[in-house]
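Heads up: the structure comes next, in structure tokens.
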Amino acid sequence: MYDTTYFRATWVLTALDAGFWTAMKIKVKWLRDLASILFSLFYLVAAERADEKVRKVRGMITVEHLRVAWNKGTTPYLSVLQRLMRPRFTRWPPRQIRIPRPSNSDYKEPILGWLYFDGPLADLLLHNRLVLDVPGGGFVAMDPRCNDDKLLAWASKSGLPILSLDYKKAPEFPYPYAVNEIFDVYAAIINTKGRCIGLSGRETPRIIITGDSAGANLAVSATLMITETSDGEFRRFAGRGALPAPDGLVCFYPALDMNIGNWMTDEQMSLIRDRKMRKTNRTIARRKSMQYNQLVGTPHHSDDEDEITPPESTSIPPRSPHDCQPQFSHTGPQSFTSNTERNGPKKVDNMSHHSQPMQTRLATSSMISYFNDRVLTPEMMRAMIILYIGPHNRPDFSQDYLLSPVLAPENLLARFPKTYFMTGERDPLVDDTVIFAGRLRRAKEAVAREQNRPFDDTEAAEVALIPGVSHGFMQFPGIYPPAWKHFDRCVLWFEQLFLEAEHLRTKNQHPTHLSPRTERMAYHSQQRQHHQHHLAESSGDEDKPLEISMTKLNRGRGSNASGAEKVEMVSNDKGNGDAQKHKKRILSKNKSLIKLGSTDDLLDRRMEGLAGGLTGTGEDN
């Protein structure tokens, strides 16, 4: 199911979880810390005992179990071990800061955060760019210090100040307290022009928001709130000034749908099977379509099945762009088409029952496909959602898009900033990434069509799928070394987002009066030059994430001769450069572009792992 390196990391994590859970009831702290390490060493050898211990605990898991497991990186022995294994990135340690709430906030308590910056605080006056990080942890655990490896690497390699928020956790502070904290921090930074965190205050800072897992949910939800402030249709922020959108988002294995469902709806599958995204999402669509074939023992997939175009009757009826979109949630109705459309052709008089023509093949969600994941199980997801919502809250799961951002209205997504996604191929939450990225692309494409201007899908989102890994792979680089390369790649994303946002602002301030045809030709010419420049820097490597670029003309990712998307295997080595001098950082790229064959695609691997035991045709790894 996993690649060798990631499986080895999960073996170590399982032993650590079992050891810390075994020792968690010891009341003397120094003895508990020592016993946790000793028990973990035992479970490293007794792997089956560790699996059994973890299985039993997860069956009756509590918030204390989650916090013990996920906060273990801050315990004395493991924190020392992590510091010894981590390269020395900066000369300056993280600084804890307090950020006051905006004057119009409903809350008064200041918000805590940790500032990661490779330099003295006086040098912050020279910066007008900031990365605002929201750490994950299932809404219940993990402060920024659990992510020191990632944040220190970012601060060193980018030269930017990284502000990671220590937001209040559930169940003590249930939904939507944490979302409001992220929004208030962003508003405070904008309103004070960064003075609240030590910036000069001479100009409004440019901000990129990042988040992983539950933190990505909070980051996306807060960005939707920010976007609402400039839309008169939303009365949530009546009397408040509009806030500028962030320059971009970077989300790692985000949890964007709090509805845990078994089946993919027609509308979800339409996002994956969109003809314009066929090359991009071919791996995911084919893997879901193989589910039936694997169960009945016919593993050979026909390429003709990929070319099936859904009937026109399955199109989604027009909805207000301000409405939520429950059809994209896992527990939404199987189809939101009208009764006439859903019933299909007019029935004829005969005694026998005839099946309806296939519109979309039945497919299970990734949460069910990977229910036996070694990192994120359904029991843990259920516990996290219950704890996050709290005992005195009953949200509308089909309408509350700040809880489940996949439900967001189209008009908010059309003004959503560009987003980079990185997630594991085997992640139970991978469908959330694909569906939300598809919705971003559709919303922005509709706006471009109305404005009669060229549209490139990379304006909306770019998705990188890492083959053979599941959830949380950036959390433990000490036992999963490929994570260091992903840190480097994120630094490139930061630079790209800032550059593209600045270019867009300049373009809006000084619009060119070119015909749509001339503008489209100039845009495509620029894209080809950018593509050729990046290909000149490429060579081969083995440890490559699966790059799924949301584009027909792929900027800097390679494209085929027809201009369609290409599924790529991309790798980056560690970068170097002088962060303090703010020079453009050039990472020594060790990259290979390999188009995946049908037997190696994402959905095939998913269903071979799920159904192979029933048919004897499953994968061997």
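Where a number appears in this text, it was derived from the coordinates with a stated rule and is not lab data. As the structure is a computational prediction, the values presented were derived from the model and not from experiment. FYI the Cβ positions are ideal-geometry reconstructions off the backbone, even for glycines, and counts take in every protein chain you see.
When you work out D = kT/(6 pi eta Rh) for segment 62-206 at 37 °C and 0.692 mPa s, using the Kirkwood radius from C-alpha pairs as Rh and the Stokes-Einstein form, the result is 204 µm²/s. Here segment 360-498 is described by how far its Cα atoms reach on the three principal axes: 48, 41, 35 Å, from widest to narrowest. Just so you know, the Rg over Rh for segment 4-84 is 0.95, from Cα atoms, with Rh as the Kirkwood radius. For segment 4-84, the relative contact order is 32 percent, taking Cα pairs closer than 8 Å that sit 6 or more residues apart in sequence and dividing their mean separation by the residue count. Protection proxy ranking, highest mean first, for peptides 61-72, 470-481, 420-431: 420-431, 470-481, 61-72, where packing is the per-residue count of other beta-carbon atoms within 10 Å, averaged.
The label point for ASN71 and the one for ASP51, both projected 7 Å from the Cα toward the Cβ, are 3.1 nm apart. Note on segment 1-48: Cα-only Rg and Dmax are 12.1, 40 Å. Near VAL250, the amide H atoms lying under 5 Å from its own belong to ILE209, THR210, GLY211, TYR420; only residues 5 or more places off or on other chains count, and H is placed 1.01 Å from N.
Projected label points at ARG394 and HIS503, each 7 Å from Cα along the beta carbon direction, are separated by 5.1 nanometres. Each residue of segment 197-208 was assigned a 3J(HN,Hα) from its phi angle through the Karplus expression (A = 6.51, B = -1.76, C = 1.60, θ = phi - 60°), giving 10, x, 6, 5, x, 7, 8, 5, x, 8, 10, 10 Hz with x at Gly and Pro.
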